1. Can you pull the three principal axis extents for the Cα set of the chain, in Å, largest first?
2. Put a dot 7 Å past each Cα toward the Cβ at Asp223 and Val173; how far apart are the dots in nm?
3. Please report the antiparallel percentage of the DSSP beta bridges confined to the chain, to the nearest 5.
4. What are the ³J(HN,Hα) couplings of the range 174-186, residue after residue, when phi is run through the Karplus curve with 6.51, -1.76, 1.60 and θ = phi - 60°? Round to Hz, x for glycine and proline.
5. Can you work out ³J(HN,Hα) from phi for every residue in the range 58-73, in order, using Karplus 6.51 cos²θ - 1.76 cosθ + 1.60 and θ = phi - 60°, giving whole Hz and x for Gly and Pro?
6. Report, by chain and number, residues whose modeled amide H sits under 5 Å from the one on Ser162, excluding near sequence neighbours (fewer than 5 apart, same chain).
7. If you average the C-alpha positions of the range 176-193 and of the range 79-149 separately, how far apart do those two centres end up, in angstrom?
8. So for the chain, averaging the separation of alpha carbon pairs under 8 Å that are six or more residues apart and normalising by length, what relative contact order in percent results?
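Read the figures in this text as sums done on the coordinates, not as results from a lab. Since the structure is predicted, the reported quantities are computational estimates derived from the model, not experimental observations. Neighbour counts are summed over all protein chains in view; Cβ atoms, including those assigned to glycine, are modelled from backbone coordinates with ideal geometry.
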Amino acid sequence: MNKTKNSRLSIFLVIPTIRSLDFLKEWDVEFKDCQIVIVEDHEKKEISIPSIPSQTIHHFSWTDIENDFGEKGWIFPRKNAGIRSYGFWKAFEMGADVIVTMDDDCYPTGTDFVQTHLENLSFKAPGDWFPTYPDPKFMFTRGFPYKMRNQMPVVVSHGLWSGVVDLDAKTLVKFPKLNLPPYPPIRQFVPQRFYFPMCSMNLAFKRKATPLMYFPLMGESKDGTRWGYDRFDDIWAGIFVKKIVDHLGWSVVNGSPFVLHKAASDRLGNVRKERRGLAVNEWLWKRVDEVKLTKRTAAECYLELAEKLRLPKRRYFMKLRSAMIIWAQLFMKTTLS
């Protein structure tokens, strides 16, 4: 993707929500060139959408998931932000070139939020060498080999946060007044064969990376049964993303743009939600790292990972594998480029 002008690309902004969307008014004209996809985490549409500058706004709820997916609609979690994966699929289906996603408690720290994500996605990461100076304009300092500077296309832009940064719930409880200022502009390439904690509150990716962006079963199932895990949907998705991105010779950018995060969730409640997933988080990335990928497309790699990943023979993990396979198969006969 060598175009960064908003008008030349089909840009979709996906927001999962259970609450007021008035925060969008704070973004002024930032999303004027975007189509906005609201995935309301309720059975039916209950939330009013403010009038803001945009190309158009699409509003979905559980009912739309059932209409689109029928019996397979269970793969999208309920009462969890991982329901945004449905929004990714809808954006992809409607022809998105770039998909941006953010949470409903994120506010602007400046201008050019969308444009910075697009610039990140226009880069190619260096191979074998690590840039030591993260200024977006002067990344390649003296001695950096020219032939190593533009090797791997960036397909994921991982934006960061000010205010309440994305710490685990136990840490946030210890810092009830946490309100960090934004960093200066920063751009880092996540090195090959290194994993990173992917946060979905400020994230963008290219169309061809959409098959990697399934957020695992968390919160509740469509019949109200708890899956047993919560708040690791984006983290575990990020492990799968990075494994396949590395295999395909792609790259991830981390840094700007920043959002101001005014955390709306309950910190003590989040401690409880995170507790059971902590142990899994210690071994899951190692199991993913064991998998030998052989395929050459994102969807095929995701399917291969789902089939080969060594998981416990427990109900949750059997359902997770099935959900990942169903997700991958959605993209097997679709246009990714």
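1. Principal extents (largest minus smallest coordinate, Cα): 58, 47, 45 Å.
2. Here the modelled spin labels are 3.3 nm apart.
3. Restricted to the chain, the bridges split so that about 45 percent are antiparallel.
4. 6, 10, x, 10, 4, 7, 7, x, x, 6, x, x, 9
5. Rounded to whole hertz, the list is 10, 10, 10, 9, 4, 4, 5, 4, 5, 5, 7, 10, x, 5, 8, x.
6. Answer set, sorted by chain and number: Val259, Leu260, His261.
7. Taking the Cα centre of each part, the range 176-193 and the range 79-149 sit 13 Å apart.
8. Answer for the chain is 19 percent.
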